[in-house]
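The values are calculated or read from the model by the stated rules, or taken from the named source; none is laboratory data. This structure is a prediction, so every number in the text was calculated from the model and none was measured. Methodologically, a virtual Cβ is constructed for each residue, glycine included, from the backbone with ideal geometry; neighbour enumeration extends over all protein chains shown.
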Amino acid sequence: MLNFITLLTFDTDATPVNGAKSGVMAFSHASDVLYEGFVTGAPIPRLVSTQSLPIRSLCERKVPWTATVELKTGQFPDLVAEALGPCSFVDEPLQHYIVEPTNEFADWTMLQAFPPKPDCLEASHLVSWAMRATNGALGICEEIELQQSIRDWLGCSDQDDRPLTGAFNNLIFAVGALSCPDDKDDMAAAYFGHGQYLSMIGSTGEPSILSIVCYIWTTFYLITSRQVNAGYASLSAAVRDAHGLGIHRSAVSYIFTDEQAMRERIWKALRMLDLFLSISIGRPMTTAETRDTKASCGYSCINDLAAIMETTIKTIYNSPGEISKQFVYDSMEEHRLWVDRLATELNATASGSPLDSRLADEIRLFVPLQESYHWSVMLLTWPFLFDKVSTQLEDRGDEALGRSSRTENTPSSEFSDMLVSACVNSAVRCIDVTRDSLSQAGQPKRLPYAVNSVFHSALTVGIAVFADLDQVYPLKSSLQKAQALLRTLQLNDCWARTTLRATERLQAAGESYIDRRTHRRMEFQQRMIGRMFGQLHDLQPLAHKKDLVISSDDTDTSPSNNTLLEHILTHKYAYGILAVCTLLVIKSFVQSLLSPLRNVPGPLLARFTRLWEVFAVRRYDFATYNIALHQKYGPIVRIAPNRYSINDPDEIKTILGHSPSMAKSKYYYPFGRHDQTNLFSVSDKAVHSNLKRPISQLYSNTHLLSYEAQVDKCNVVLLKSLKEFAREGQAVDFREWAQYYAFDVIGEISVGSSFGLMENNGDSSGIIKGIDDSTAYGAYCALVPDVHYPMQEIRKFLRLHNPTRAIIDFTWPHILDRAKGKTSPPKSDSEDFLTKLLRLEHEGKAKRVDTFNALGQNIAAGSDTTAISIASVIGHLAMNPDKMASLRHELESATQRGELSNPALYQEAQKLPYLQAVIQEGLRIHPAVGCPLVRVVPAGGAHIAGRYFPAGTEVGINAWVIHRNKDIFGPDADKFVPERWLTNDPGERARLERNFLAFGTGPRTCIGKNISLLELSKVIPQLVRQFDFEIVPDAENGGKMYDYKTLWFVKQKFKCFVRERTV
């Protein structure tokens, strides 16, 4: 990053630098590629206006420089999300991998623990590496003088030591041990601890030059060991002491003739450390320049460039509003004059200086100078790059919607494009300069400034791909160079490892973007060719059309070739699972013979392999099979070699309860992305709590009433559609229409916009099919969860259709448009989820990935659960006319008493006991999920249903099994009897509630439970009051009246005639 520190020995007061002329030539070559008027002597052309540029200062955008550890909230991931949607670069924040190390030598205050003085040879070795790591001891002292001073100090007795002198020397040894190629980190920590101890006992409370220098060395050590927050605190102490001595004012320094040069060098060191920490961790600057850095007398190129950067940070990154053109012009002029001044100073310094063997070491001073110059240009031009990327992505979206591009070719846009090119050019050059520098032998093993320089340049290069600048600059090559540098530096630097991971994820995102861009262009060319020659490849024999899988994913570059593989991966998962299970049969056979649970009953096949589960799932009847197994074998049944189903009400709390709760097994792993956890699939309880905490309040009863208007809006559309079916006398697939309704409601609640499934009388977007495919994949892959990762990698490699793409395409545009102010929340008193989530983002309580995950989970899980529940209630009421009559009587009586509105209010519906009993009974007799809720027995094992289960055993409870348990719900457990919930016995009612698992129980209870109950409580009264339902035999389903199939969800299949009632 900012390698200013290595420049601190370069000063007009310094001795002539041999070979400076060559340095000027090298620097000029690096600058030539920028536009004329920016770094050359040509005047900067004025534009027709000096109004503010239409670029927001990054104080109002999400600022990338504010903290590299908070890149998840920065502009870089936001732009990638806008281009691609969720991906690893967007979803995986850097702060998850950053843990600052702590000083292990907590007992350094004990005098007995101080390290002995090194011998002269060792001390010289450490000093040499310390000076090399700081390129001149931060510009404060010369190595020759320092070596002699330390030799003199080594010859003194401990009694003659001044504490601050000992602290100064020990801190130098610490930096040297930390930077040398040998493994001396423990030695470095010991020297550092002792140096801090001596600094403390040597402090008199009054600031001194030596105390400030000790603070500076302490800061550098902490930065190098990646303890940047502690380094910031140390730097703040140094600045306070410097202010106490007046070092920040040149007029005061001139008074102290003997100390003047040292004071100036200390001030430059403080300024550069302050800029580095301010930019790298987003802290306020602790120094401010008050002197005229451009004055000829005592001119310092370092102080001048530092002042330019400070002004850029304050104007662009700390101030709201748009960026003034005049400021940009002035800053460009300052950069150009700085280059001219630097060239003049270097030429004057180099005149008459013969070359000698120190040439290579002296030229190294120009490397950080070039890096700092390029970094300053990037700071100035970043907002223009971000705006370029964002505008280009918006234009692409406009083209897709048939609108004209918003970008106009104006003088202002051309000027902005020039600044964008300057930004990318500086990033490319900075990587090249750093690579050339690190290619020299004898480099320290930790280089925090180089890591940050390369990392931020790599981010700039990576994001430029999304502005299509890879067609102008060698961005891929530069990104690979940056990764190679970080890969070298990461051997001894945890921060380099973290930044390497981030750049690799950014490169993967860029490659995905390029693939999509290429595919779009190819499609455009194919359409143009098709208009001229026709498109024969679109024609297929009718017999084959039923086998085609049409993908809306713009990464499907070969639909005809992918069809078979896609069919296997999204529809025929069972065959792949069968192959894997066969390979495990022998292993399972041996393990079953040795297992302490070998005599637990169950299907013979389940003892040795998971094939029994595969067959049960494949026959779409797992819930029924699970019930039959318990009726045959008892409360404990083996369903796989290490998985058992439990039918014992006393063990619900043990397995699914709060404390101590068992963790979810890997069974749930395939229900999420293989590279990211979500609220449903995560097994770690602490991670689950962290994911749930930001959004749980949005599902509470407090927020529930705010969603009522959206439900009413969709109820109107549903009732209108059913009236049309009634007039036409057409049988309707009620569960299917319940799902259309549930999707539209969850769309309104989530983003203020329905999917339009009821209005369009179908799913033209393919979102239901996408969720069904994802659920099918999860249901099969859950049986062998270890194949999830390779299956997803294969899908990604072959660029096959992503079944959840429809959810992403629906959700992300709503998030981005609302966040940018392009769309407004619905004009209603009720706020949708998106409005509330964006507010949490603004308050710092949630991140963008939390927003996307919450909305995606609402859509993926809430729609199926609610649709199945509505269909169950209506279906069982239609099959039990007496129950329907009882419910209608309650509704009509409440209406006559004025206790029930039309439409029904949620709070009113909650007070109707028979309605709530009907809803609860509908959920009991037909739970939405038909597979066991599987957990893992923790360390130490557990006693369940009278048998000991060792740690690692998977045990599960199926709601279908518990709800049909006649010991719990009575001999009529198989019948629809709402009256069971109306018992006057509080103990009996509590017992039934404890065994009610329609939404799960314990800490993993469905987070959307209240929303589902809200929909049920409002729509059921409307349907029952206005319509009669008559279930008819379904000819397409073998004449069955009410049928269902279990995959993960248990979806009904029944048709009914709808007749409008005269109320």
### Task
State yes or no: is Ser696 crowded, with 16+ Cβ neighbours inside 10 Å and hydroxyl-bearing (Ser, Thr, Tyr)?
no
### Message
Out of Ser319, Ser324, I need the residue that is in contact with a Cys (Cβ under 9 Å, 6 or more places away or on another chain), surrounded by fewer than 20 Cβ atoms within 10 Å (Cβ to Cβ) and hydroxyl-bearing (Ser, Thr, Tyr). Which one?
### Response
Ser319
### Query
In region 145-171, which residue that is at pLDDT below 90 and aliphatic (A, V, I, L, M) is surrounded by the most Cβ atoms within 10 Å (Cβ to Cβ)?
Ala167
## Note on the structure
Note: among Lys1055, Lys1051, Lys1040, just one is in contact with a strand residue (DSSP E or B) (Cβ under 9 Å, 6 or more places away or on another chain), of a type outside the set (Val, Ile, Thr) and under 21 Å from Ile962 (Cα atoms), namely Lys1051
### Task
Within region 1010-1018, identify whether any single residue is small (Gly, Ala, Ser) and over 29 Å from Lys685 (Cα atoms), and answer yes or no.
yes
### Task
Among the residues of region 901-919, count how many are closer than 20 Å to Trp981 by Cα and not in a helix (DSSP H, G or I).
2
### Task
Might you let me know whether region 808-820 holds any residue that is without any contact (Cβ under 8 Å) to a residue 60 or more places away in the chain, more than 21 Å from Cys1006 (Cα to Cα), under 22 Å from the mean Cα position of the chain (by Cα) and outside any helix (DSSP H, G or I)?
yes
### Summary
Note: among Pro635, Pro603, just one is more than 41 Å from the chain's Cα centre (by Cα), at pLDDT 90 or above, within 29 Å of Thr1005 (Cα to Cα) and crowded, with 17+ Cβ neighbours inside 10 Å, namely Pro635
### Task
Could you list all residues from region 926-962 that are buried (at least 22 other Cβ atoms within 10 Å of the Cβ) and free of Cβ contacts under 8 Å to residues at least 60 places away in the same chain?
Ala959
### Message
So, Val934, is that one part of a strand (DSSP E or B) and at pLDDT 95 or above or not?
### Response
no
### Summary
Per the filter on region 739-763, residues under 22 Å from Leu877 (Cβ atoms) and touching a Ser or Thr at 6+ places or on another chain (Cβ under 8 Å) are Gln739, Ala742, Val745, Met758
### Check on Ser588, over 40 Å from the mean Cα position of the chain (by Cα), of a type in the set (Ser, Thr, Tyr) and either modelled with pLDDT of 65 or more or assigned to a helix (DSSP H, G or I) (or both)
no
### All positions within region 816-851 that are more than 19 Å from Glu394 (Cβ to Cβ) and out of contact with any helix residue (DSSP H, G or I) (no Cβ under 9 Å at 6 or more places or on another chain)
Lys827, Arg839, His842, Glu843
### Task
Select from region 489-500 the residues that are in contact with a helix residue (DSSP H, G or I) (Cβ under 7 Å, 6 or more places away or on another chain) and assigned to a helix (DSSP H, G or I) and write down the one among them that is surrounded by the most Cβ atoms within 10 Å (Cβ to Cβ).
Thr499
### Query
What's the number of the condition Thr219 fails, among (1) surrounded by fewer than 22 Cβ atoms within 10 Å (Cβ to Cβ); (2) among the hydroxyl-bearing types (Ser, Thr, Tyr); (3) in contact with a helix residue (DSSP H, G or I) (Cβ under 7 Å, 6 or more places away or on another chain)?
(1)
### Task
Search region 710-724 for residues that are farther than 20 Å from Phe1057 by Cβ and pair each with any residue that is aliphatic (A, V, I, L, M) and surrounded by 20 or more Cβ atoms within 10 Å (Cβ to Cβ) when their beta-carbon atoms are under 7 Å apart and the residues are at least 6 apart or on different chains.
Gln710/Val745; Gln710/Ile749; Val711/Val745; Val711/Leu1014; Cys714/Val745; Asn715/Val1019; Val717/Met758
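Condition check ((1) hydroxyl-bearing (Ser, Thr, Tyr); (2) at negative phi; (3) buried (at least 20 other Cβ atoms within 10 Å of the Cβ); (4) outside any helix (DSSP H, G or I)) across all residues:
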site: Tyr740; (1), (2), (3), (4): yes, yes, yes, no
site: Glu748; (1), (2), (3), (4): no, yes, yes, no
site: Met758; (1), (2), (3), (4): no, yes, yes, no
site: Ser764; (1), (2), (3), (4): yes, yes, no, yes
site: Asp773; (1), (2), (3), (4): no, yes, yes, no
site: Leu783; (1), (2), (3), (4): no, yes, yes, yes
site: His788; (1), (2), (3), (4): no, yes, yes, no
site: Asn802; (1), (2), (3), (4): no, yes, yes, yes
### Query
Listed residues Leu783, Leu837, Leu800; which is more than 26 Å from Lys664 (Cα to Cα), modelled with pLDDT of 80 or more and out of contact with any Gly (no Cβ under 9 Å at 6 or more places or on another chain)?
Leu837
### Message
Looking only at helices (runs of 4 or more DSSP H) that lie completely in region 832-900, which have at least 3 residues being polar (S, T, N, Q) and farther than 25 Å from Phe755 by Cα?
### Response
881-896
### Message
Whether any residue in region 643-654 is surrounded by fewer than 22 Cβ atoms within 10 Å (Cβ to Cβ), among the acidic types (Asp, Glu) and either in a helix (DSSP H, G or I) or at pLDDT below 90 (or both) is what I want to check.
### Response
yes
### Query
Is there a residue being farther than 30 Å from Ala663 by Cβ and among the hydroxyl-bearing types (Ser, Thr, Tyr) anywhere in region 978-986?
yes
#### Entry: Only one of Phe734, Phe743 that is under 30 Å from Arg618 (Cβ atoms) and either basic (Lys, Arg) or touching a strand residue (DSSP E or B) at 6+ places or on another chain (Cβ under 7 Å) (or both)
Phe734
### Summary
Residues of region 197-209 being touching a helix residue (DSSP H, G or I) at 6+ places or on another chain (Cβ under 7 Å), part of a helix (DSSP H, G or I) and either surrounded by 15 or more Cβ atoms within 10 Å (Cβ to Cβ) or on the phi > 0 side of the Ramachandran plot (or both), in sequence order, are Leu198, Ser199, Gly202, Ile209
### Query
Do the conditions hold for Ala230, that is, is it within 27 Å of Ser179 (Cβ to Cβ) and either buried (at least 23 other Cβ atoms within 10 Å of the Cβ) or not assigned by TED's automatic domain parsing to the domain that holds Pro444 (or both)?
yes
